[in-house]
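The values are calculated or read from the model by the stated rules, or taken from the named source; none is laboratory data. Just so you know, these numbers come straight off a predicted model, no measurement behind them. Here the Cβ positions follow ideal geometry from the backbone for every residue, glycine too, while neighbour counts run over all protein chains shown.
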Amino acid sequence: MFNLLSHAKLNLSLEVNSLLDNGFHNLTSIMHTLHLHDEISISHSKNTKTVFIPSTVEGSNNSILDAVHLFQQEFHIPDQVEIVTTKNIPTSSGLGGGSSNSTAVLKELIKINKLEVELSKQRELAFQLSSDSPFFVSGGCSLVEGQGEKITTGLGINNLWSIIFTPLNIEISNKTRFMYSLLSKQHYSDGSITAEIFNSINQPNSDLLQLLSNTVNTFEQVIDQAFLEYKYLKDKLLSLGVSFVRLSGSGPSFYTIVDNLDYARNIAKKMKSNNLRIITSELQ
């Protein structure tokens, strides 16, 4: 049996730049992995199957199976595996759980079979799984551009804690597609804010919290069409003294970042009565 961790991510900044002819979008984003993770075990089996604990995803229709089939087709290795995933990352939350799971499995299958596959090739394969997957090949802190296939790795942010809030009462069918459908030309930007902040993060002695308070997320312009309480909850958090509140990905999870774990726990405690799942996790 092979055991591995599959980490969540935050979009520290996200600008949607344009709509492409293929129906997808160009974007510019800073992504960062978190200590928050799912736990995955892979073992050889007579038939490939997936198990989720708790059972939040149908075993016949999930990104992990996509990763297994991609591996089998690309490397002509028909090994059958059973994959058990213990979910800690909220699903459909903007934290990248599905993309992280599938990428982690793809990487581990390459490792198990002792294949030498360059990082660029792994990212190329991962891009066939999802737009977030190339980032998860190496994780850390990266500037992600294009449709998610262009990755510039930077310095990771240490000793900062995120407090993540995931609404418990929102279920949006095809959430990512729906959120992108709400965007129009008036919401697009050129990515320069995000790119400049990424460059500043990688400078020595940067004031990271100040930089992060200047980030943006395009989806905050339309989130009220899917999550009416977002503005109220954001204002409540700001009234508790945090320096900023930001959506992750297309939401509906939102977060703030602080430099003190006790303060993070105190903020989480004060927000508990708002029908939210609240997770405190260090950036890593």
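Things worth noting here:
- Residue in the stretch 46-61 that is more than 21 Å from the chain's Cα centre (by Cα), aliphatic (A, V, I, L, M) and at pLDDT below 95 present: yes
- Of all residues in the stretch 225-258 being charged (D, E, K, R) and modelled with pLDDT of 95 or more, the one that is farthest from L183 (Cα to Cα): K236
- Complete set of residues in the stretch 1-23 that are more than 20 Å from I279 (Cβ to Cβ) and either crowded, with 23+ Cβ neighbours inside 10 Å or touching a Gly at 6+ places or on another chain (Cβ under 6 Å) (or both): S13, E15, N17
- Filter result for I197 (out of contact with any strand residue (DSSP E or B) (no Cβ under 9 Å at 6 or more places or on another chain), touching a residue at least 60 places away in the same chain (Cβ under 8 Å) and in the same structural domain as S273 (by TED's automatic domain parsing)): no
- Subset tally (residues that are over 11 Å from S99 (Cβ atoms), part of a helix (DSSP H, G or I) and touching a Phe, Trp or Tyr at 6+ places or on another chain (Cβ under 7 Å)) for the stretch 119-154: 0
- Counting only helices (runs of 4 or more DSSP H) that sit wholly inside the stretch 170-284, those with at least 1 residues that are in contact with an Asp or Glu (Cβ under 7 Å, 6 or more places away or on another chain) are 192-201, 208-212, 230-239.
- When residues of the stretch 155-167 are limited to those that are among the β-branched types (V, I, T) and not in a loop (DSSP other than H, G, I, E, B), the one surrounded by the most Cβ atoms within 10 Å (Cβ to Cβ): I164
- Any chance Q72 is assigned to a loop (DSSP other than H, G, I, E, B) and surrounded by 13 or more Cβ atoms within 10 Å (Cβ to Cβ): no
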